[in-house]
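The values are calculated or read from the model by the stated rules, or taken from the named source; none is laboratory data. Source: prediction; values computed, not measured. When we count neighbours, we look across all protein chains shown, and the Cβ atoms used for this are built from the backbone with ideal geometry, even at glycine. In case anyone asks, the SASA skips ligands and DNA or RNA and just uses the protein heavy atoms, side chains included. Shrake-Rupley method; radii C 1.70, N 1.55, O 1.52, S 1.80 Å.
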Amino acid sequence: MTQATYKAALIEINKQQIDWNWQVAASTLSDDPVSLKNALLEIGKPMYLAKSNNNIAVTHQLMSHQENTAVDTSSASVLPVLAFAQAIKAEELGSAEFKKAHGVKYAYHGGAMANGIASVELVIALGQAGFLCSFGAAGLIPDVIEESIKRIQRALPDGPFAVNLIHSPSEQALESGAVERFLKLGVNTVEASAFLALTEHIVHYRVAGLSQNSDGSIAINNKVIAKVSRTEVAERFMSPAPQKFLTKLLAAGKITALQAELALKVPMADDITAEADSGGHTDNRPFLTLLPTIIKQRDQLQEKYNYVTPLRVGAGGGIGTPESALAAFNMGAAYIVLGSVNQACVEAGASEHTRRLLANVEMADVTMAPAADMFEMGVKLQVVKRGSMFAMRANKLYELYTNYPSIEAIPTIEREKVEKQIFRQNLDQVWDITKAFFHERDPDMLTRALDDPKRKMALIFRWYLGLSSRWSNIGEKGREMDYQIWAGPSLGAFNSWVKDSYLADYQQRNAVDVALHLLTGAAYLERINQLKYQGVTVHNSLLNYHPAHSFLS
């Protein structure tokens, strides 16, 4: 394609001129492809299109009323505006209320990834740049959680940050212990994830932060971001706290009578993340159907309860490109949540081997496997299958669990296979290690298992499921094929998008830089859409946003 042909095909106006009564000076126009691309990339400036010398040209400068009256508008030096794209800064996307409530610059949330994969370093890096990020407290022992929170608080004394509270139906002591630590340390935002129903512990956290202002309004000091994929769970977080929990907490002296009264006037969460096809715990819902469903449900419950401050609904799962980010915002998401993409960033608490593997994951390189924390319930999570045999081995263990009443009932040949290929030691030895672990972590769990062979088998199998994630994080040598790496297909989409850019190198993936490119790309594409709505046909070469350079350099 010649330069002249390229320029002619670059942009054309298909509709008749729209009478904006706007005009530009011909001297400010540029009609070369580079200028047009650069004008689109300067998302913080409005751009105006006009026809100059039979070519579509661009400028950021609109003539003022005074300039219009001072020149001969019929001359060739003044041209009418044919189409325009407004300035859209990355920080203007999403809900202003979300940004104000959490004290952030961007409507972007770095989601929690358990076992500290959403690390202290990740939380601090994003927080210092004006992004909210949740520390991945799930799966960590209480003392590690406390020290990590203190490190974050020292670096971000005024926030923003959140800490993950994961539902632990099999180990309630973990959930209650985490809430006690959060209240003790003054954590004022938690991301509640994997909840199947409300528990006394999440209600305790929420209600213990309620107080009344001098004007009678309610102050909500403990904010909750609830990550949900089911409408029945969403409804519980969109509704006030259940009276049965309030009564119990009040009797135990954990909340005051005033807090119990105020709890009936506010929802259990401030923000609801519609979690679609994500890494980790997921129902694999497409966010094109989940997000509008949750938004409509929010609107119905807002009409029912008439909250002073309506809940906000964000979107997570399946977002890994500017196109998907923009789609979420255009569908009404107050904010977007990313996890899988951040796990491949340099600040994540994942080993270099894992991050290198993640940088090559494609959309089809993920599958479902049993979850360690909800193993007995048959709950599954989404993991990487490329370069790992974890999913196949974990599914084998669940098959044995469902088919046999105890470890002793497993046929000898099957037991020898799992001991040699998966555990690499005798299951009796694994049980001794498991007993020591739960004796320190949750003695009640151990007591129940001693009298229940089926539960004992579950705890032994959970030894492998739990350690496999830790092996991935620390880069355990010799266990690479057992790494449990949580990720959704959005990571494959991200890798495809950055394939020919500097971000293809996993060592160049800084979380802040990645976030800024995703939001800037979304703003860029929205400007393209605005031109299309005005009848502008945009050349294919301009339809994609490419991360050409780092925002951090």
Quiz item: Taking a 1.4 Å probe, which of Ser211, Ser168 shows the most accessible area, and what order do the others take after it?
Solution: Ser211, Ser168
Quiz item: If you rank Tyr335, Tyr48 by how much accessible surface each has, with a 1.4 Å probe, what is the order from largest down?
Solution: Tyr48, Tyr335
Exercise. Of the options Ala197, Gly253, Pro310, report the single residue whose Cα projects farthest towards the positive end of the charge dipole of region 193-341 (beta-carbon charges: Lys, Arg +1; Asp, Glu -1).
Key: Gly253
Quiz item: Share of antiparallel DSSP beta bridges in the chain, in percent to the nearest 5?
Solution: 50 percent
Quiz item: Stretch Ser35-Asp428 to full length: gain in nm at 0.36 nm per residue minus the Cα-Cα span?
Solution: 134.4 nm
Quiz item: Which percent of Cα pairs goes in each bin when the distances of the chain are cut into 20 angstrom slices starting at zero?
Solution: 20, 47, 25, 7, 1
Exercise. Return the distance in nm (one decimal) between the two label points of a simple spin-label model at Lys45 and Gln212, each offset 7 Å from Cα along Cα→Cβ.
Key: 5.6 nm
Quiz prompt | Hull volume in cubic angstrom per residue (convex hull over the Cα atoms of region 293-374) | solution = 174 Å³
Quiz prompt | FRET efficiency for Leu196 and Tyr502, using Cβ-Cβ distance with R0 set to 45 Å, rounded to 0.05 | solution = 0.60
Self-check item: Farthest toward positive dipole pole in region 259-384 [+1 Lys/Arg, -1 Asp/Glu at C-beta], among Gly349, Pro322, Leu262
Solution: Leu262
Quiz item: With a ≥ b ≥ c the root eigenvalues of the C-alpha gyration tensor of region 105-190, is it rounded (a/c under 1.5), prolate (a/b larger than b/c) or oblate?
Solution: prolate
Practice problem: Before anything else, pin down the relative contact order of the chain: Cα pairs under 8 Å, at least 6 apart, normalised by residue count, whole percent. | Solution: 15 percent
Quiz prompt | Simple Cβ-charge dipole of the chain, Lys/Arg +1 and Asp/Glu -1, about Cα centre, in debye nearest 20 | solution = 320 debye
Quiz item: What accessible area per residue comes out for region 176-290, rounded to a whole number of Å², with a 1.4 Å probe?
Solution: 38 Å²
Exercise. Please give the length that would be gained between Asn21 and Arg470 if that part of the chain were fully extended, namely 0.36 nm times their separation in residues minus their C-alpha to C-alpha distance (nm, one decimal).
Key: 155.3 nm
Exercise. Measure off 7 Å from each Cα along the Cα-to-Cβ vector at Asn221 and Leu258, then give the distance between these two points in nanometres to one decimal.
Key: 1.1 nm
Quiz item: Distance in nm between label sites at Lys420 and Phe551, each 7 Å beyond Cα in the beta-carbon direction?
Solution: 5.4 nm
Exercise. Taking the dipole about the Cα centre of the chain, with the C-beta of Lys and Arg at +1 and of Asp and Glu at -1, give me whichever of Leu156, Cys133, Gln86 is farthest to the positive side.
Key: Cys133
Quiz item: Relative contact order for region 392-549 using alpha-carbon pairs under 8 Å, separation at least 6, rounded to a whole percent?
Solution: 16 percent
Self-check item: Cut-off 15 Å, label 7 Å out along Cα→Cβ of Phe437, residues of region 379-395 by amide N
Solution: 394
Quiz item: Tell me, what is the Rg over Rh of region 413-473, with Rh the Kirkwood radius over Cα pairs?
Solution: 0.98
Quiz item: In whole percent, how big is the carbon plus sulfur part of the accessible area of region 268-420, probe 1.4 Å, protein atoms only?
Solution: 53 percent
Quiz item: Taking a 1.4 Å probe, which of His546, His109, His539 shows the most accessible area, and what order do the others take after it?
Solution: His546, His539, His109
Quiz prompt | Residues of region 111-135 with amide N under 16 Å of a point placed 7 Å along Cα→Cβ from Leu156 | solution = 111-114, 116-135
